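Student: Here it is: the structure, laid out below.
Rule-based calculations on the coordinates, nothing more; no lab input. What you see is a predicted model, and the numbers here were worked out from it, not measured in a lab. Glycine also receives a Cβ, built like all others from the backbone with ideal geometry; neighbour counts cover every protein chain displayed.
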Amino acid sequence: MGERVALRPHTADTLPALKRWYADPELVRLARHRSEPLSGDEVERLVRERFSTAQMLAFALYERVGLNEELIGSCTLANLDVENGAATFHLMIGEPSARGRGLGAEATRLVTRFAFEALGLHRISLTLFAFNEAALHCYTKAGFREEGRMRDAITRDGRRWDEIQMGILATDVPARAG
């Protein structure tokens, strides 16, 4: 749990929000190679097949508001490779009112710290599209560094964009005091 965000397991109660977010054309534009939204059945299959495997840890992301928590997004550590100490990070701030307020960066820091300290991972990677400046700012703020680009990897808004590869190592994160 962070100062402003909390990570919880996904439950049946988070499924309606996931369906809404994966159907949002703007979120699809920002985060998926496919340009069309997912159907409700596709989201259910995604949750059933991917959110509950040994290679993925999925978290519902909540904003802490006083004593309450409001569901705002989802994040995952995917492609867990314990032998090599690596995983891939994904973040989706589904609620528009929660975007641009630093909640994604805090959630990213929480997940990376958990991955390094509790899971013993050494490296976490992610990708994003070059037009997603908010995500680039979020991940940079959380300590990720650009490691490369796949040039002209995706077409959006009538033009080609790079896919940026970023990473963070356990040695990049300061040790927690006390």
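Student: Residue-wise, which Karplus ³J(HN,Hα) couplings in Hz belong to segment 159-167, taking 6.51 cos²θ - 1.76 cosθ + 1.60, θ = phi - 60°, and x for glycine or proline?
Tutor: Once rounded to whole Hz, the list reads 8, 8, 9, 6, 9, 8, 9, 10, x.
Student: Ok, one more. Enumerate the calculated ³J(HN,Hα) couplings along segment 63-69 in order (Karplus 6.51 cos²θ - 1.76 cosθ + 1.60, θ = phi - 60°), each rounded to whole Hz, writing x wherever the residue is Gly or Pro.
Tutor: Couplings: 8, 7, 10, x, 8, 9, 10 Hz.
Student: Starting from the eigenvalues of the Cα gyration tensor, five times each then square-rooted, give me the equivalent ellipsoid semi-axes of segment 1-103, largest first, whole Å.
Tutor: 21, 19, 14
Student: Return the Cα extents of segment 107-178 along principal axes one, two and three, sorted largest first, each rounded to a whole Å.
Tutor: For segment 107-178, the Cα spread along each principal axis is 51, 19, 15 Å.
Student: 5 Å is the cut-off here: which amide hydrogens, built 1.01 Å from N in the peptide plane, fall below it relative to PHE129, excluding neighbours closer than 5 in sequence?
Tutor: Sorted by chain and number, the residues that satisfy this are ILE164.
Student: Separate question: Please report the relative contact order for the chain, taking Cα pairs under 8 Å with a sequence separation of at least 6, and give it as a percent rounded to a whole number.
Tutor: On the way: 289 pairs, mean separation 31.3, N = 178.
Relative CO of the chain lands at 18 percent.
Student: Ok, one more. Taking θ = phi - 60°, what integer Hz values does the Karplus form 6.51 cos²θ - 1.76 cosθ + 1.60 yield along segment 122-134, in sequence order, with x for Gly and Pro?
Tutor: Per residue, the Karplus-derived 3J(HN,Hα) values read 10, 9, 10, 10, 7, 10, 8, 8, 4, 6, 8, 5, 5 Hz.
Student: With +1 on each Lys and Arg Cβ and -1 on each Asp and Glu Cβ, how big is the dipole of the chain about its Cα centre, in debye rounded to the nearest 20?
Tutor: Details: 24 positive and 25 negative charges, 45 e Å.
It works out to roughly 220 debye.
Student: Ranking request for peptides 100-113, 1-14: highest mean number of other beta-carbon atoms within 10 Å first, then the rest in descending order. Before the final figure, lay out the partial values.
Tutor: Working: 100-113: 19.8, 1-14: 14.0.
Ranking the peptides 100-113, 1-14 by packing returns 100-113, 1-14.
Student: Taking every pair of alpha-carbon atoms in segment 45-166, give the share separated by more than 23 Å as a whole percent. List each step's numbers first, then the result.
Tutor: On the way: 2647 of 7381 pairs.
In whole percent, the share of Cα-Cα pairs in segment 45-166 beyond 23 Å is 36.
Student: For a quick check: with amide H placed at 1.01 Å from N, whose amide H comes under 5 Å from ASN79's, ignoring anything fewer than 5 positions away on the same chain?
Tutor: Excluding prolines and chain starts, which carry no amide H, the hits are THR88.
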